[in-house]
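Encoded as structure tokens, the structure appears first; notes follow it.
The values are calculated or read from the model by the stated rules, or taken from the named source; none is laboratory data. Since the model is a prediction, treat every value here as computed from it, not as a measurement. As a convention, Cβ positions derive from the backbone with ideal geometry for all residues, glycine included, and neighbour counts pool all protein chains shown.
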């Protein structure tokens, strides 16, 4: 059952990213370029996404169990620590350089660009390296 | 403000929110970096839904042009790098995105769309941090490239 939910959610997410403009690194850089020829479009992506989740999550998480059964798998960390800020900073640096974050990078594989594939492979190695060299303290 | 697309971007964002809602109705957070991370050693035990979600991502993006969506706007080389330099940028950028999202436990979707939806202070801190660093990064690259 959850496999079907996950597939549908994935398809919607990929479609939403393509529609939103997030799959274009130039669009992303145009959004981040606030002192240049700024294109604020992508603020509407996060705004639209959060407008939905802030309402839907409120009701979904009131329940003891997920609507479709099983249990909630939620992040347990609550502390704002150095890992969070350093990690987010490294991510921001890579996002600014490549213009791609993980979702759009995977989605863009649909458009068969070898350069996107190289980014995705490098991203996979980045995760592997971080897991080996800087594993979270709890695991 | 060339190429300003508030309606399409808002519509895309709403769809992302709906997707995250569906996944949470199944108990999971739609954080793409976390979903990928579970497939990379040491991997999580539950791989199938992760693979299906990621294949769905590719499928959904592939579907977009077949229903009349315009993908001609996509430009993967925003700074006009030479081919060689662009490869370096993609490799360095990819490594940093992978390491950063792993260490920082999330990306634009997990911290941005889902974490803010849960009104998490951690997610807000992460989102402000990666946005700020990305803005500075773009500023510096533009400065160096003379654009």
* Structure fact -> Checked segment B:41-55 for anything within 7 Å of chain A (Cβ to nearest Cβ) and crowded, with 18+ Cβ neighbours inside 10 Å; matches are B:49, B:52, B:53, B:54
* Asked: Could you count how many residues in segment B:93-118 are under 13 Å from residue A:74 (Cβ atoms) and facing chain A (nearest Cβ under 7 Å)?
  -> 4
* In this structure, does residue A:107 turn out to be outside any helix (DSSP H, G or I), at the interface with chain B (Cβ under 7 Å from one of its Cβ atoms) and in contact with a helix residue (DSSP H, G or I) (Cβ under 7 Å, 6 or more places away or on another chain)? -> no
* **Those residues of segment B:1-48 which are within 20 Å of residue A:23 (Cβ to Cβ), touching a helix residue (DSSP H, G or I) at 6+ places or on another chain (Cβ under 6 Å) and outside any helix (DSSP H, G or I), in sequence order** => B:4, B:5, B:30, B:31
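Yes or no: residue A:80 over 23 Å from residue B:124 (Cα atoms) and at pLDDT 95 or above?
Answer is no for this residue.
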* Structure fact -> Per the list (1) within 30 Å of residue A:1 (Cβ to Cβ); (2) more than 7 Å from chain B (Cβ to nearest Cβ); (3) part of a loop (DSSP other than H, G, I, E, B), residue check on residue A:79 breaks on (1)
* Only one residue in A:74, A:93 is under 25 Å from residue B:128 (Cβ atoms), at pLDDT 95 or above and out of contact with any helix residue (DSSP H, G or I) (no Cβ under 8 Å at 6 or more places or on another chain). Which one? -> A:74
* Structure fact -> Across (1) facing another protein chain (nearest Cβ under 7 Å); (2) under 19 Å from residue A:11 (Cα atoms); (3) over 14 Å from the mean Cα position of the chain (by Cα); (4) without any contact (Cβ under 8 Å) to a residue 40 or more places away in the chain, residue B:6 clears everything bar (2)
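Residue-by-condition table, conditions (1) in contact with a helix residue (DSSP H, G or I) (Cβ under 9 Å, 6 or more places away or on another chain); (2) touching a residue at least 60 places away in the same chain (Cβ under 8 Å):
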residue	(1), (2)
B:82	no, no
B:88	no, no
B:114	yes, yes
B:119	yes, no
B:127	yes, no
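Looking at B:92, B:51, can you tell me which residue is within 28 Å of residue B:129 (Cα to Cα) and either in a loop (DSSP other than H, G, I, E, B) or free of Cβ contacts under 8 Å to residues at least 60 places away in the same chain (or both)?
B:92
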* Test set (1) assigned to a helix (DSSP H, G or I); (2) facing chain B (nearest Cβ under 7 Å) - residue A:39 fails condition number -> (1)
* **Given (1) more than 17 Å from residue A:15 (Cα to Cα); (2) within 7 Å of chain A (Cβ to nearest Cβ); (3) touching a residue at least 12 places away in the same chain (Cβ under 8 Å), index of the condition residue B:38 fails** => (2)
